[in-house]
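Asks: Mind having a look at this structure? Questions to follow.
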Amino acid sequence: ACGTDEETEGNTGNENTNAEEPENTDSENAEEGSEEEASALEGSVVIDGSGTVYPFMAKMADNYMTNEQPEVSVEVGRAGTSAGFEKFLVAESGTDFNDASRTIKDEEAAKAEELGIEHKEFQVALDGITIVINPENDWAEELTVDQVKELFLASSGYKNWSDVDPSFPDQPIVAMGPNENHGTYEFFYEEILEEQDLVDGINLQQDYSTLVQLVSQDKNAVAFFGFGYYDNNQDKVKAINIDFGDGPVAPSLDTIGLTEDFGYMPFTRPVFTYLNVGMAKEKAQVLDYAIYTMENAQDVAAETGFAPLADDKIQESLDFLNGLK
Amino acid sequence: MKYMDIEQVQKNMTPRLFKNNLAKSGYFIASLFGLLVLIILIFRVFSDSLGWIDWQFLSNKLSTDAERAGILGAIMGTVWLMFVVAPVTVFLGVGTAIYLEEYAKKGRIRDIIQTNIANLAGVPSVVFGILGLTVFVRAMGLGNIILAGGLTMALLILPIVVVASQEAIRAVPQQLREASYGMGATKWQTVKRIVIPAAIPGILTGVILSLSRAIGETAPLVVIGIPALIMPIPEGVFDKFTVMPMQIYYWTIDSVLVEEYANLAAATIVILLIILFLMNSIAIIIRNKFQKRF
Amino acid sequence: MQLHVDNRNANQLSSVDTSLDHNIVYDTEDLNLWYGNTHALKSITLPIYEKQVTAIIGPSGCGKSTYLKTLNRMVELVPGVRTSGVIKYRGQSILDRSFKVEELRTKVGMVFQKPNPFPKSIYDNIAYGPRIHGIKNKKILDEIVEKSLRGAYIWDEVKDRLKENAYGLSGGQQQRICIARCLAIEPDVILMDEPTSALDPKSTLKVEELIEKLKQDYSIIIVTHNMQQAARISDKTAFFLNGEVIEYADTNFLFSTPKDRRTEDYITGRFG
Amino acid sequence: MQLHVDNRNANQLSSVDTSLDHNIVYDTEDLNLWYGNTHALKSITLPIYEKQVTAIIGPSGCGKSTYLKTLNRMVELVPGVRTSGVIKYRGQSILDRSFKVEELRTKVGMVFQKPNPFPKSIYDNIAYGPRIHGIKNKKILDEIVEKSLRGAYIWDEVKDRLKENAYGLSGGQQQRICIARCLAIEPDVILMDEPTSALDPKSTLKVEELIEKLKQDYSIIIVTHNMQQAARISDKTAFFLNGEVIEYADTNFLFSTPKDRRTEDYITGRFG
Amino acid sequence: MGRSNKKNREENLNIRAMIEKNKNSFSIATITEKTIPYFLLGIATISILTTIGIVFTLLSETISFFQAVPFWDFYTGTTLKPLGDDAQFGILPLLTGTILSTLIAIAVAIPIGLMTAVFLSEYASDHIRKVLKPILEILAGIPTIVYGFFAFTFVTPLLRSFIPALDPTNILSPGIVMGIMIIPMVASLSEDAMSSVPNSMREGALALGATKLEVTWKVIVPAAISGIIASFVLAISRAIGETMIVTIASGSTKAFTFDITQSMQTMTAYIVEVTGGEAAAGTTLYYSLYAVAMTLFVFTLVMNLIAQYISRKFREEY
Ligand SMILES: Nc1ncnc2c1ncn2[C@@H]1O[C@H](COP(=O)(O)OP(=O)(O)OP(=O)(O)O)[C@@H](O)[C@H]1O
Ligand SMILES: Nc1ncnc2c1ncn2[C@@H]1O[C@H](COP(=O)(O)OP(=O)(O)OP(=O)(O)O)[C@@H](O)[C@H]1O
Ligand SMILES: [Mg+2]
Ligand SMILES: [Mg+2]
Ligand SMILES: O=P([O-])([O-])[O-]
């Protein structure tokens, strides 16, 4: 009964035409009823999770409430991917969506099953782990992927920049990153460092803003976090161009978006949102918002420092959602 | 036999007076230190907020778009929060004060309550946050709504209101009570018709000051959990909410994402400081107006 | 209008005066009182007569105020007070625990040393007593207020500012407001504790005049430091010293031919 | 030991006494003083003589304390005080801005109405003055403390408890400690503002005795409410009224044959 | 004659009769009168319930925590690594953070606050005092969140221009700002204590030729010392419990160090971090929140009791 709302969205200037065509035709037959229902939507949509995805999701929620359904209250938190899953995986009163900068872990999936929470993963955009340094750092602007890893690895034994390359200054490496609450940390630790120990005394922070400040104020600092946080602070921090074997690659929406091998690939990662399917079936506004999100993902991604997904990925998700109606 | 050598005394006098004058300047400068910090702080905030405070800022909903963002939601969140905090603390605070000052006999119970209140006044606000989270948000299942935040804040400022009300009640001259009893009034009649009305200005001053404390508190709400983005304007005490200090917190953190958020945070600080300043002024006016009436 | 009421009152009362002259309102027998360990009243025995002014004199700290406050049990407000002995008000033993003090106090008005109007309007001050005793009718209250203010001879001075705060009045006016407040519940006895000692001579005179008029209607017990005042306005005088009644007699008699040496010393100003 | 010191003092001083009898220590000319708008002292002219006790009497509020506090410029502690006229202490004009008050006050001791020992040990109370003036030597301080306490005739009472807090003493003892504290800086003049009015009769007697002994050594100016006291202990008496000096004369003379009607009224107790 | 008088009154206005009549309807009033004390006692008990509530919530979860982490390990552990597979719970890093920030705060607040108190109480004219005191009170009324960003965005960069080795998040800067925040508390409570020393004490000393400086330090301060110390203790308690300033400006490094130029975390900031991430009930991380809060609570409670004890003694003095 509630599946007709995306109709309105489609009509109110969604330019993501490719993704929309089938969507529109799908719901055309329900058009009459939809207008009333669209205006009748209300209630709340509760989203928490990844801080990396937060800018994307906040923008999405803002657009949705401003342009689509002013009566629906979408609240977006950003406790971090892992902490978000803790809130997501609560029987009855869990969150509707959990943003994630990594895929769900086995334990988390198991817990969901135990609680009877049916969930669905949606890729919403692509992010690139960006390694940032202080703008005054003129020695480490280009590094190989191994050198980057060694900066953060305990096993490398690097203390000073000069350990990386003798031509670098004899200054301590000050390594930083988001703490274990964050999917970004887990992705970095699991996928990039392959679960090897990080250097002792690495400065792990809860807030990305603190990290940006820290790097911008310390000549010897090096940190990792999502591209968006770099993109918005290019005046404060500088990204390392990473040589994956074919010459240095600067992180950018273009290079992150390229999934081919010569792109930024090993450091590129999809970011997700997880939907509580039960909630979507139960609450019209949740499903409506999910559909809206997928329809607008490509635009909002670009606006908030993410590389857009390919069309077929989007379509896949929309197909699933429309099936829930 | 003379012990005091007057010449020696005179010789000592100059350095002693010099030290005195030096100290005086030192103390004066120390007193101005606070003022200096205040000026720097306010100057920075005001200059950052320049051009950002306008009607639109005050009347718009929150937004991720700095140009469109407004703090009506945060202001209304604060207003609704006060709708919970004010009646609850006034009821509990004044009631407790009346009990302690007018009814409780000197002794065990009174001492226990009094000591307890003094101790509660020193409990860190973040601990009250944990109490609120555990009791109101989780155990009572209210969730992070205005009612839960308000009750937490009410308990937080309760000791301040109790102490202020006690002082106000104590300041009511005994003769007024005697006059009332002398007319055959009962205790409660005397309390209700004479003591409370006479103590109201003092109580009000204390209540306003403690509410302004509650308005500026962040830590308990952080603990209770306020979403980073919440756009709808709250319409009642069962709604989710954000308040100005929380918005300042998030905007400043997020200024790494959108630089203008720093200005929004500064603008919100200015509004918050203006509100607090107004509340304090009202409290001072009431205090001055009703001082030494008897 | 005012004159009319005054005349009538005067007529009524002077006539009553004689007929009831020697009834006892308060009878105190062997009253002792302790504040903690301080023995403040020692074996006081004192009959007090209706429609008379009884003055209590004595040096500071001799227990005058304490005795007065015992008569309406106000002394109980001090923690740790103990009493022994009997006080009978119109035959009822008022020191009994079971005795309702509120009822006693509606019949026994009290005026204090420092004028203590409530921080309310003049009207509300006077109406306070009737209101707490359940009189709510606005018209009746209006009448009571006017009658009481006239009774305290202050109506003309305040009739145009009844809604103003009583604290705007002069000390002497405030004291008469306090007396009017007392009159509003038509007491039987009025206790006055140095009612003029905080007033200037002119206001003192006014209040003294008032007391002389009131005694036609009420039994008045007045504590005073001022011997002249006692001599001028009272019918009977009791001299207290160190918590004891040293002498109690007709005022004329006590001041002209004191029996006790200490009384004589006191009234001639040799101590106190 | 005590006797010995006493005798020596007495000997030294009685001899000095006669020779300097009529030197002026303080000369006040046309002194006016205002507290804000209150004109508290009006054109006071008053010479004060060395090694004498000068009493200042007068009803409450007449300016006695104010005058006394002007003599060591203590009155300046009240905000908004203004003065005109001249006070000369041993020829120096002390009201000048440039005059060092601290120096004046080391020469002019003061004893207050309420005993005001510091909340320190008895020893530290007495040693306070010498210490601030730069005497640090423990042995000398010990001597000063003993000498001053003997001088104030309280040594025997406190010699075994010098380390105890001065607040443990009785009021009269405290007052004598305050006097000893004064003596410790060997003042030239001692100002006393009703030094016995907070004391019981017995302590009063002790302090009066002390004053009589002290006057052999020091010039003393004493404010008192007690006419008998003034008559007993002073050499000269000044009668103040409403901020003016009404009469100033030898004490015997003033009390026996007052020239001014108001003085007579006052000393015979007709007002005040 | 007496009869006619009575009759007359009745015709006009018999207040006494009305009062007597109303007395019968007084029963509700009597019940109110009887129940009110119990009702008010009930209200007054809420404050006790609050304390019990705090102690109970903290204690029950703290006990669970100590089942997972031995008491001794917790209080002697120098490693705090609450997340990850090899989680370790030692509170010492948080304790050093808390203690260092508090020490820095009182190192700022006590001298400046006390000097301000001396100035206000002993030197300032009424006029200056009337202006200066409310200004200082404004300082106390500024929300801590505002101070937090002031520390992070102004004081830290400023300090770094003097101390290049200073980390961008460190315990020094929030410590100083916390100190500034509690200056008014020290100043105002100490000033109260000093002003309540009777004037006669000042006069006594001044009359001996003492300068104001000597009067202040040798007479007034010793006489007011208990009140002054009580103000210090309360200020310390306040600094221990302060949350937002350290949350924002001291970072969240859980290092066991005494180097104030480094980033470290306090107990309060840890609580905010953990609740911000919302640990799931039942995990050791979740229980650690309560164990830390309990420790914090006990710390401030002890401080408050000390302050009360001192100021009670102080009241007896003169
Ligand atoms: N509340 C109290 N607690 C303890 N003792 C008291 C109290 N009130 C009075 N006293 C003591 O009881 C004695 C009698 O006091 P009371 O006030 O009756 O004297 P008084 O004759 O009215 O004196 P005054 O003329 O000064 O008013 C005094 O010794 C006084 O110190
Ligand atoms: N600090 C002050 N501010 C304003 N006026 C004052 C002050 N101190 C005293 N006065 C006024 O100055 C006048 C003289 O006061 P002073 O204290 O010198 O009187 P006194 O003769 O010592 O009286 P008492 O015998 O009561 O001690 C009085 O009218 C008093 O009200
Ligand atoms: Mg009395
Ligand atoms: Mg005086
Ligand atoms: O905030 P995260 O995206 O790193 O979980």
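The values are calculated or read from the model by the stated rules, or taken from the named source; none is laboratory data. It should be emphasised that the depicted structure is a prediction, and the values quoted were computed from it without experimental measurement. With ideal geometry, Cβ positions are generated from the backbone for all residues, glycine too; neighbour counts draw on all protein chains shown. Quick note on the areas: whole protein, heavy atoms, side chains included, nothing else; ligands and nucleic acids left out. Shrake-Rupley method; radii C 1.70, N 1.55, O 1.52, S 1.80 Å.
Asks: Could you pull out every residue, at least 5 positions away or on a different chain, whose amide H is within less than 5 Å of the one on residue C:222? Hs are placed 1.01 Å off N in the peptide plane, and Pro or chain starts have none.
Replies: C:54, C:55, C:56, C:192
Asks: Report the GluC sites (Glu not before Pro) located in region A:53-97 that are in a DSSP loop and have at most 15 other Cβ atoms inside 10 Å of their Cβ, or state none.
Replies: A:71, A:92
Asks: Determine the sum of side-chain charges near residue E:170: Lys and Arg each +1, Asp and Glu each -1, restricted to other residues whose C-beta is under 11 angstrom from that of residue E:170.
Replies: Charge balance near residue E:170 sits at -1.
Asks: What is the extension gain from residue A:196 to residue A:310, computed as 0.36 nm multiplied by their sequence separation minus the C-alpha to C-alpha distance, in nm to one decimal?
Replies: 37.8 nm
Asks: Hey, could you grab the Kirkwood Rh for region B:2-49? Inverse mean 1/r over distinct alpha carbon pairs, Å, one decimal.
Replies: Radius from the Kirkwood sum: 13.9 Å.
Asks: Then there's this: 7 Å along Cα→Cβ for the label point: how many nanometres lie between residue C:38 and each equivalent label in the other copies, listed shortest first?
Replies: 2.9
Asks: Using a 1.4 Å probe and counting only protein heavy atoms, arrange B:75, B:109 so the residue with the most accessible area comes first.
Replies: My answer, sorted largest first, is B:109, B:75.
Asks: Further, regarding this structure: Under 5 Å between amide H atoms, partner at least 5 residues away or on a different chain: which partners does residue A:144 have, H built in plane at 1.01 Å?
Replies: Amide H neighbours of residue A:144: A:243.
Asks: Using 7 Å Cα-to-Cβ label points, what is the residue A:163/residue E:78 separation (nm, one decimal)?
Replies: If labels sit at residue A:163 and residue E:78, their model points lie 2.0 nm apart.
Asks: Could you compute how much accessible surface residue B:103 exposes when probed at 1.4 Å, giving the result in Å² to the nearest 10?
Replies: 40
Asks: Hey, another quick one. Would you work out the charge dipole size for region B:2-49 about its Cα centre, treating the Cβ of every Lys and Arg as +1 and the Cβ of every Asp and Glu as -1, and quote it to the nearest 20 debye?
Replies: 160
Asks: Put a dot 7 Å past each Cα toward the Cβ at residue B:139 and residue E:126; how far apart are the dots in nm?
Replies: It works out to 5.2 nm between the two label points.
Asks: Also: At a 1.4 Å probe radius, which order do C:256, E:288, B:25 fall into by accessible area, largest first?
Replies: C:256, B:25, E:288
Asks: Still on this structure: Ratio of chain A's C-alpha Rg to 2.2 N^0.38 Å, to two decimals?
Replies: 1.06
Asks: Now for a separate question. Per residue of region A:292-300, in order, report the coupling 6.51 cos²θ - 1.76 cosθ + 1.60 (Karplus, θ = phi - 60°) as ³J(HN,Hα) in whole Hz, putting x for Gly and Pro.
Replies: Result, rounded to whole Hz: 4, 4, 5, 5, 9, 4, 5, 5, 5.
Asks: Separate question: Region C:141-213: which trypsin sites (Lys or Arg not before Pro) are DSSP loop and have at most 11 other beta-carbon atoms within 10 angstrom?
Replies: Those satisfying the criteria are C:163.
Asks: Continuing with the same structure: May I ask for the percentage of alpha-carbon pairs in the protein assembly as shown that lie more than 67 Å from each other?
Replies: That fraction is 29 percent.
Asks: Give a residue-ordered list of calculated ³J(HN,Hα) values for region D:78-88 (Karplus: 6.51 cos²θ - 1.76 cosθ + 1.60, θ = phi - 60°; whole Hz; x for Gly, Pro).
Replies: Ordered by residue, 3J(HN,Hα) equals 7, x, x, 8, 10, 10, 9, x, 10, 10, 10 Hz.
Asks: At q = 0.11, 0.18, 0.19, 0.21 Å⁻¹, what is the base-10 log of I(q)/I(0) for region C:79-234 according to the Debye formula with one equal point scatterer per Cα and no solvent? Please give it to two decimals.
Replies: Treating every Cα as an identical point scatterer, log10 I(q)/I(0) equals -0.46, -1.12, -1.20, -1.36.
Asks: If you don't mind, there's one more thing I want to ask. Would you list which lysines come within 24 Å of residue A:120, measuring only between C-alpha atoms, while excluding same-chain residues fewer than 8 positions from it?
Replies: Within the straight-line cut-off, residue A:120 pairs with A:59, A:87, A:105, A:111, A:281, A:283, A:313, A:325.
Asks: Scaled to the compact-protein estimate 2.2 N^0.38 Å, what is the alpha-carbon radius of gyration of region D:155-217, rounded to two decimal places?
Replies: So region D:155-217 has a normalised radius of gyration of 1.12.
Asks: First select every other residue whose beta carbon is under 13 angstrom from the beta carbon of residue B:48; then total the charges, Lys and Arg +1, Asp and Glu -1. Can you show the working numbers first?
Replies: Values: positive: B:44; negative: B:259, B:260.
After counting each charged neighbour, the total is -1.
Asks: For chain B, rounded, prolate or oblate, judged on the Cα gyration tensor with a ≥ b ≥ c (square roots of eigenvalues), a/c < 1.5 rounded, else prolate if a/b > b/c?
Replies: Working: a/c = 2.21, a/b = 1.16, b/c = 1.90.
It is oblate, given that a/c is not under 1.5 and a/b is not larger than b/c.
Asks: Helix-derived [θ] at 222 nm for chain B: sum -39500 (n - 2.57) over DSSP H runs of at least 4, divide by residue count, nearest 500? Don't skip to the end; give the middle numbers.
Replies: Numbers: 12 runs with 203 residues, N = 294.
Helix contribution divided over all residues of chain B: -23000 deg cm²/dmol.
Asks: Can you tell me what percent of all Cα-Cα pairs in region E:81-313 are more than 26 Å apart? Let's see the in-between values first.
Replies: Working: 12187 of 27028 pairs.
Beyond 26 Å sits 45 percent of the P(r) for region E:81-313.
Asks: Treating the angle as unsigned and between 0 and 90°, give the value, to the nearest 10°, between the Cα long axis of helix D:171-183 and the longest Cα principal axis of chain D.
Replies: Result, in degrees: 90.
Asks: Evaluate E = 1/(1 + (r/R0)^6) for residue E:217 and residue C:250, where r is the Cβ-Cβ distance and R0 equals 56 Å; express this FRET efficiency to the nearest 0.05. Walk me through the numbers before you get to the answer.
Replies: Numbers: r = 67 Å, r/R0 = 1.19.
Working from the Cβ atoms, E equals 0.25.
Asks: If you take every residue apart from residue A:47 with its C-beta less than 11 Å away from the C-beta of residue A:47, what net charge results, scoring Lys and Arg +1 and Asp and Glu -1?
Replies: Neighbour charge sum, excluding residue A:47 itself: -2.
Asks: Compute the FRET efficiency between residue D:82 and residue D:24 as 1/(1 + (r/R0)^6), taking r as their Cβ-Cβ distance and R0 = 30 Å, and round to the nearest 0.05.
Replies: About 0.70, to the nearest 0.05.
Asks: Set Lys and Arg Cβ to +1 and Asp and Glu Cβ to -1, take the dipole of region B:56-293 about its Cα centre, and tell me which of B:286, B:144, B:211 lies farthest positive.
Replies: The one lying farthest along the dipole's positive direction is B:286.
Asks: Please list the helices of chain B that count as membrane-span-like by this rule: a mean Kyte-Doolittle hydropathy of at least 1.6 together with Cα atoms stretching 24 Å or more along the helix axis, each helix being a complete DSSP H run.
Replies: Membrane-span-like by this rule: B:72-98, B:146-170, B:261-290.
Asks: Note every residue of region B:3-27 with a reduction of at least 40 square angstrom in accessible area, all protein chains present versus the isolated chain, computed with a 1.4 Å probe, or write none.
Replies: B:3, B:4, B:10, B:13, B:16, B:17, B:20, B:24, B:27
Asks: Helix E:92-118 against the longest principal axis of chain E: what's the angle in degrees, Cα atoms only, rounded to the nearest 10?
Replies: The helix E:92-118 is inclined about 50 degrees to chain E.
Asks: Run the quick spin-label model on residue E:196 and residue D:157: label points 7 Å from Cα toward the beta carbon, then report their separation in nm to one decimal.
Replies: With each label point 7 Å from Cα toward Cβ, the separation is 3.0 nm.
Asks: When you take every Cα atom in region A:184-271, what is the radius of gyration, and what is Dmax, the widest Cα pair distance, in Å?
Replies: 13.5, 36
Asks: Rounding to the nearest 20 debye, state how big the charge dipole of region A:111-192 is about its Cα centre with +1 on each Lys and Arg Cβ and -1 on each Asp and Glu Cβ. It would help to have the intermediate numbers written out before the result.
Replies: Working: 4 positive and 18 negative charges, 30 e Å.
That gives region A:111-192 a dipole magnitude of about 140 debye.
Asks: Separate question: Check residue A:160: other-chain or 5+ apart residues with amide H under 5 Å from its amide H, H built from backbone geometry?
Replies: Amide H neighbours of residue A:160: A:173.
Asks: Can I ask one more? So how exposed is residue C:39, as accessible area in Å² (1.4 Å probe, rounded to 10)?
Replies: Here the accessible area works out near 70 Å².
Asks: Using only the alpha-carbon atoms of chain C as identical scatterers, what base-10 log of I(q)/I(0) does the Debye formula give at q = 0.08, 0.12, 0.15 Å⁻¹?
Replies: Debye output, listed in q order: -0.32, -0.74, -1.16.
Asks: How big is the charge dipole of chain B about its Cα centre, in debye rounded to the nearest 20, if each Lys and Arg gets +1 on its Cβ and each Asp and Glu gets -1 on its Cβ?
Replies: Here the size comes out at about 1620 debye.
Asks: Check cross-link reach from residue E:21 to the lysines: straight Cα distance under 22 Å, and skip same-chain residues fewer than eight apart.
Replies: Cross-link targets: B:187, C:100, C:107, C:136, C:138, C:139, C:147, E:6, E:7, E:34.
Asks: Can you list the HN-Hα couplings for region E:136-153, worked out from phi with the Karplus curve (6.51, -1.76, 1.60; θ = phi - 60°), rounded to whole Hz and with x for Gly and Pro?
Replies: Coupling constants for region E:136-153: 5, 5, 4, 4, 6, x, 6, x, 5, 4, 5, 4, x, 6, 4, 5, 6, 9 Hz.
Asks: Further question on the same structure: Quick one: angle between helix C:2-20 and the longest Cα principal axis of chain C, in degrees between 0 and 90, rounded to 10, please.
Replies: It works out to around 30 degrees.
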